[in-house]
Every structure is written in structure tokens, then in C-alpha cells.
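Enquirer: A single structure is presented below for examination.
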């Protein structure tokens, strides 16, 4: 009996290899560093249809640009009791925010934890501007500002904060990535490491890279954040999702930046 | 209206099915000898479970020529054509119940009749199996029709 199972497993493994190899040829990929879990690093863009890609390729067609424009406007709009805008402290975003989206989450010494772009935005609002904080995942202001900040790094390759603290955060993220959750008992790796390039029902699995987030997602008919996407995946596997901007998702985001290292930032991207 | 009624009754049936008492099923040498319900499976019902997105959704991962009329066959699992020639009833039952105890922990395939060893299950699905015992038997009966 084991013989039969072995044979079937070999055939399956064989066909999976062929499929991956065939796809790999026409997808733009970036070389992975030594000891990286992926042999090639590929943006989610490469897994999408020509129609979806075309929406991203043309800034005038990209529906997320409405929020990018909102973010740009908010950047220089004073808000809160301190009467400050982002620009009051940070000046021209094209200079001051360049590289931020390609390197966050970063370690915060004062807070003794890793901070995402969204968290930094709310920290600034609360402490510098004395303004109300924005809700994490669906507030258009938060999405717009996050897109605007990350867009200043568009085309820049993802780089890592190599502090020992961030290494520890990424370790937790790695654990989250490889742990099976939910009634369907699946980990991120089960789909996005082992089977990218293959269809799961009508969806082609990508590597789950986050270099284009926040993204305009056709399925959402709107723009959403990295952590909203993480949450959606966990719901799909019938798991109780972690909290957006909580410790686990922040760690997972930090780890996903490692998985995407070298990949250019595309924010705001368009996905299906 | 009729459609809505059908959908509602489907949801109702599903919740009844998962509220049933979960039986202890032993997998020995990659096989489960006895029917989980003592009743024979219904291959027609099993086909519906196989393709139903809110039921087994087996088609999400497994291509199946027998269902060529259905769109969107997945690619992450082995193709089901001729699966009855490769496995016995008892082996198929074990694979549907908990394939990890047959193929090993690495498999992507969820266990369809198992509530132990799961982590962070959504409240809605807590303590529930993906399929009812009868649905497992129905899927097995359907798989047994897939001969080449």
C-alpha cells in the first residue's frame, strides 16, 4: 500500500515541478539571497491577468489613485489641537518619505516594539498633531496616507532593518507564517510557498508578496491594507484572525518584507 | 424566492449536520474499515459535496474530468480521474477523514472529519468537522465511481 502512495506522491510532485517551471519562464523574478526560503522572488503582479496588470500600469486607470491623491492632500492639511500637518515636520514627502515604504516595519526604541507605517501615522497624529487617530484597515484617510507614504518608495527595492530586535520580530512572523490555523488547518506556506503559480479553484496562488500594498483589490471593489488581506486569508481557512496592527500581524508583515527582499515597491498596486 | 428558500434550507441542513455528535474514527494502516454512519454513501449527494464551495469544495484543489461541466478545477492536489482504481473504499475513507494520518503532516489537504489538534479555529466552526459523517460516506461513494 505504501508503495502505491509513494508512486502517486512522486507523480504529483513531478507534475507540480513541471507546472512551476513552465510558469517561471515568463514571470519576472528577482534572485533570492542565500538561505532564503524561496528560490525566486516574484511580485503578485506577475500572477495576475493582463487586464488587471493594465489597470496598475496606467496611473490614470488605477482606481487606488483617488486615495493616493487624498493622502497627498492630507499631507499638507493641518489637523488636531497642535495645528500641524505632516508637512509641518516632514516637509516634502518626496524627500523625507523616500525609502520608508521599502524598509518598514522598523524597530522603535521608545516603544520597544516594531512599528508599521500605519502605526507611525497614528503615533504622529496622536503625539505631534494632537489629532484623533484613524482606524487601521478601512478608514480612507489611513489608507490614503499609507499609500501616499509608501508611494514615495515606488520602484525602490525592499531592504531590511537588520537590528537584532527586528530579527526577533521576524522570527515570530516566521512562526506565524508556518503555523497551520483554522478548521482547514493551513499555513501561509502551504499555499504561497508550496503552490504558487497553481490554481486553487478560480484563483491563481501567488507568493503572497506585500510589495504592492495597500492595493486596489477587484474582489473588494476597493482599496485595502496588508493586514486586511492577512485577515481575509485567515478567514478563508476558517481561522480566528489576529488583530490588525497587533503583534502577530506586525511580525508577519516584517517577516513578509524578508520574503520580498529586493522586490520593488508597487504601492498602490491592483490585484484580483 | 425559490432560490432563496433552497439556499436557506441548505444552510439549515449544514448546521444540523455539523451539530451531530462527532465519532472517534481510528485510522489504521492508512485505512478506516467501517462506515462512519453504518449506512452506505450516496454518490449523487457526494458529487454535490465534492463541488459545493460551502461543502467539501474538493474541486478547489482536485481536477476531475467527471465534472468537466464545472468551471475552475484546482491544481494543488492530485487529479481525481481513476482514483477508485488507485485506492480502496477504506483507504479513501481514511484520506477524507484525515489525510495527514495517511500521507504525513506535510500535506496541504485539510482533515474533513477531525476536530483535534487544530489551532485558532473561528468560533463559527469550533468543535465542528468540515463534513458530517454521512457527507464523508457520500464523498467516498462518489469517489468510488471515478474509474478509468
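The values are calculated or read from the model by the stated rules, or taken from the named source; none is laboratory data. A quick note: this is a predicted structure, and the numbers were derived from the prediction, not measured. FYI the Cβ positions are ideal-geometry reconstructions off the backbone, even for glycines, and counts take in every protein chain you see.
Enquirer: Among the residues of the stretch A:132-166, count how many are under 18 Å from the mean Cα position of the chain (by Cα) and not in a loop (DSSP other than H, G, I, E, B).
Expert: The total comes to 14.
Enquirer: Got a number for residues in the stretch B:123-134 being in a loop (DSSP other than H, G, I, E, B), surrounded by fewer than 18 Cβ atoms within 10 Å (Cβ to Cβ) and facing chain A (nearest Cβ under 9 Å)? Quick ask: steps written out before the conclusion?
Expert: As a first pass, look at the stretch B:123-134 and keep what is in a loop (DSSP other than H, G, I, E, B): B:126-132.
Narrowing the set further to residues that are surrounded by fewer than 18 Cβ atoms within 10 Å (Cβ to Cβ) leaves B:126-127.
Next, from what is left, pick out any that are facing chain A (nearest Cβ under 9 Å): B:126.
Residues flagged as in a loop (DSSP other than H, G, I, E, B), surrounded by fewer than 18 Cβ atoms within 10 Å (Cβ to Cβ) and facing chain A (nearest Cβ under 9 Å) within the stretch B:123-134 amount to 1.
Enquirer: Moving on to the next point. Just checking, which of A:164, A:157 is at pLDDT 95 or above and touching a strand residue (DSSP E or B) at 6+ places or on another chain (Cβ under 8 Å)?
Expert: Working: A:164 fails: touching a strand residue (DSSP E or B) at 6+ places or on another chain (Cβ under 8 Å).
Sole residue among the options that is at pLDDT 95 or above and touching a strand residue (DSSP E or B) at 6+ places or on another chain (Cβ under 8 Å): A:157.
Enquirer: Could you run through the stretch B:91-120 and say how many residues are more than 10 Å from chain A (Cβ to nearest Cβ) and either over 21 Å from residue B:137 (Cα atoms) or touching a residue at least 24 places away in the same chain (Cβ under 8 Å) (or both)?
Expert: Let us first name the residues in the stretch B:91-120 that are more than 10 Å from chain A (Cβ to nearest Cβ), namely B:92-94, B:96-97, B:99, B:101, B:113, B:116.
The next check asks that each one be either over 21 Å from residue B:137 (Cα atoms) or touching a residue at least 24 places away in the same chain (Cβ under 8 Å) (or both); those that pass are B:92-94, B:96-97, B:101, B:113.
The total comes to 7.
Enquirer: Now a separate question. Name the helices (runs of 4 or more DSSP H) wholly inside the stretch A:1-109 in which the number of residues that are surrounded by 15 or more Cβ atoms within 10 Å (Cβ to Cβ) and at pLDDT below 95 is 3 or more.
Expert: A:2-24
Enquirer: In the list A:243, A:235, which residue meets the criterion of being within 18 Å of residue A:122 (Cβ to Cβ) and within 14 Å of chain B (Cβ to nearest Cβ)? Lay out the reasoning, then the answer.
Expert: Values: A:235 fails: within 18 Å of residue A:122 (Cβ to Cβ).
It is A:243.
Enquirer: May I pose another question? Can you list residue pairs whose Cβ atoms sit under 6 Å apart, with the first residue in the stretch B:65-83 being at the interface with another protein chain (Cβ under 7 Å from one of its Cβ atoms) and the second being outside any loop (DSSP other than H, G, I, E, B)? Count only pairs 6 or more apart in sequence or on different chains.
Expert: Listed by first residue and then by second, the contacts come to B:74/A:199; B:74/A:200; B:74/B:60; B:75/A:199; B:76/A:200; B:78/A:12.
Enquirer: Right, next: Here are some conditions: (1) surrounded by 18 or more Cβ atoms within 10 Å (Cβ to Cβ); (2) touching a residue at least 24 places away in the same chain (Cβ under 8 Å); (3) touching a helix residue (DSSP H, G or I) at 6+ places or on another chain (Cβ under 7 Å); (4) in a loop (DSSP other than H, G, I, E, B). Residue A:169 meets all but one. Which one does it not meet?
Expert: For residue A:169, the exception is condition (4).
Enquirer: Something else: Output the helices (runs of 4 or more DSSP H) that fall wholly within the stretch B:1-101 and possess 1 or more residues being modelled with pLDDT under 95, or say none. Give the steps one after another, and end with the answer.
Expert: Details: elements: B:2-19, B:43-51, B:83-86, B:89-98.
By residue number, B:2-19.
Enquirer: In the stretch A:112-134, what residues are loosely packed, with under 13 Cβ neighbours inside 10 Å and in contact (Cβ under 8 Å) with a residue 12 or more places away in the chain? It would help to see each step written out before you state the result.
Expert: So in the stretch A:112-134, the residues loosely packed, with under 13 Cβ neighbours inside 10 Å come out as A:112, A:127, A:132.
Across the stretch A:112-134, the qualifying residue is only A:132.
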